[in-house]
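What follows draws every value from the coordinates through simple rules; no lab data is involved. Computed from a prediction, not measured in an experiment: that's the story for all the values here. Neighbour counts run over all protein chains shown; Cβ positions are idealised from the backbone, glycine included.
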Amino acid sequence: MSLYIARRLMLAAGVLFIISIAVFTAVRLQPGDVCKIVLATPDADEQQCRAIRDELGLDEPAAVQYVRYMGGLFVGDWGRGYISRRDVRTEITERIPLTIELTLLSTAFALLIAIPIGVISAVRQDGWLDYTLRLLTIGWLSIPGFWLGTMLVIFPAKWWGYSPPVGYTEFWHDPLKNLEQLYLPAFALGLGLSASLARVTRSAMLEVLRQDFVRTARAKGLSERLVVLRHGLKNAMIPVVTLFGLQFGVLLGGTVVLESIFALPGLGTLILGAVLSKDYPQVQGVVLFFAAVLVTINLLVDISYAWFDPRIRYV
């Protein structure tokens, strides 16, 4: 297992290196002049632009800029934002709690809805309950998260005069206000994931419930609940956790739009503003953070296989 983890960590480092080159190149291919954005005027003369480029190090070759940026990352210096002039790492650290909490709430909502629906639909295969739940999940899959989030803002305000509080209050300061600010975007973000997870759970459960060991468990006189939960669900979780690992990136990406819709000051609004203002260090920092989180999640998903199915062992 330790050798497997070491190989995966080396692979993860390579992936992050490739992503760092890709995002470093992509942000510099955007049209527009950084100096005019920094000076907040379209009429900046060439002398002012040269001074700004020299101050920000943008007059150096791209390879030199990249090496200097990566060297700073290894010593904890993520650079400073061009507009805010604040340390990028500090900016990300301040906004991480909101985005992580929103993602975890969305994940919890998706799992709490998806797994029971998938299990019930598989156990009641081809019954009226199965058809109803399958119809619901297909409907949920067709609803974009940003559209649902917009509707959750517009219709409660129009019909009942209600809108969620703006901003972000930390959970330990005011738990009720914190949940009131996040439950609507978490619902909008997690609904699509719950639909896809429910369908995969149903398919995996149907396959497992037809296996010989499940029939043996029933023949021994175990209760149906024990057979379904202990013998069926646990062995059906591998495709579910695989999909969850892949979809976790979708959740993080969805926060970019939903944080803007609900005016939440998280990493989503940070990277959106950075892209619009061509703030290179800010974009690079947030994208690399997202990439590191996704690589870590996928590593944990792979390691979890051996727990869900003891027949899987890593050399």
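Label M151 and W172 with points 7 Å out from Cα along Cα→Cβ: what is the distance between them in nm?
3.8 nm
Using a Förster distance of 22 Å, how high is the FRET efficiency between T216 and L129, based on the Cβ-Cβ distance and rounded to 0.05?
0.25
Please find, in a Gaussian network model of the chain (springs between Cα atoms separated by less than 10 Å), the residue of P165, P175, P281 whose mean-square fluctuation is greatest.
P175
Under the Karplus relation 6.51 cos²θ - 1.76 cosθ + 1.60, θ = phi - 60°, what is the ordered set of whole-Hz ³J(HN,Hα) values for the range 166-178, x standing for Gly and Pro?
Computed from phi, the couplings for the range 166-178 are 7, x, 9, 10, 4, 4, 6, 8, 7, x, 5, 5, 4 Hz.
If I take every Cα pair under 8 Å that is 6 or more residues apart in the range 22-178, average their sequence separation and divide by the length, what percent do I get for the relative contact order?
Once divided by the residue count of the range 22-178, the mean separation gives 9 percent.
Taking the Kirkwood radius as the inverse of the mean 1/r across Cα pairs, report the Rg/Rh of the range 81-193.
My calculation puts Rg/Rh at 1.10.
Over the chain, calculate the relative contact order: mean separation of alpha carbon pairs under 8 Å at least 6 apart, over the residue count, as a percent.
Contact order relative to length: 26 percent.
Given 0.36 nm per residue, what is the gain on full extension from F74 to L206 after removing their alpha carbon distance, in nm?
Residue separation times 0.36 nm, minus the Cα-Cα distance, leaves 42.7 nm.
Given a 10 angstrom Cα cut-off, can you work out which residue in M205, M237, M70 is the most mobile in a GNM of the chain?
Per the Cα network of the chain with a 10 Å cutoff, M70 tops the list.
Just to confirm the number: angle between the C-alpha axis of helix 145-160 and the first principal axis of the chain, 0 to 90 degrees, nearest 10?
90 degrees
For the chain, set up a GNM with springs between Cα atoms under 10 Å and report which of E55, E101, E259 has the largest fluctuation.
E55
Tell me, in nm to one decimal, what length is gained between A13 and W160 on full extension, where the rule is 0.36 nm per residue of separation less the Cα-Cα distance?
So the extension gain works out to 47.9 nm.
Determine the gain in length on full extension of the stretch K234-I83; use 0.36 nm per residue of separation and subtract their C-alpha separation, reporting nm with one decimal.
That pair, K234 and I83, stretches by 49.4 nm at full extension.
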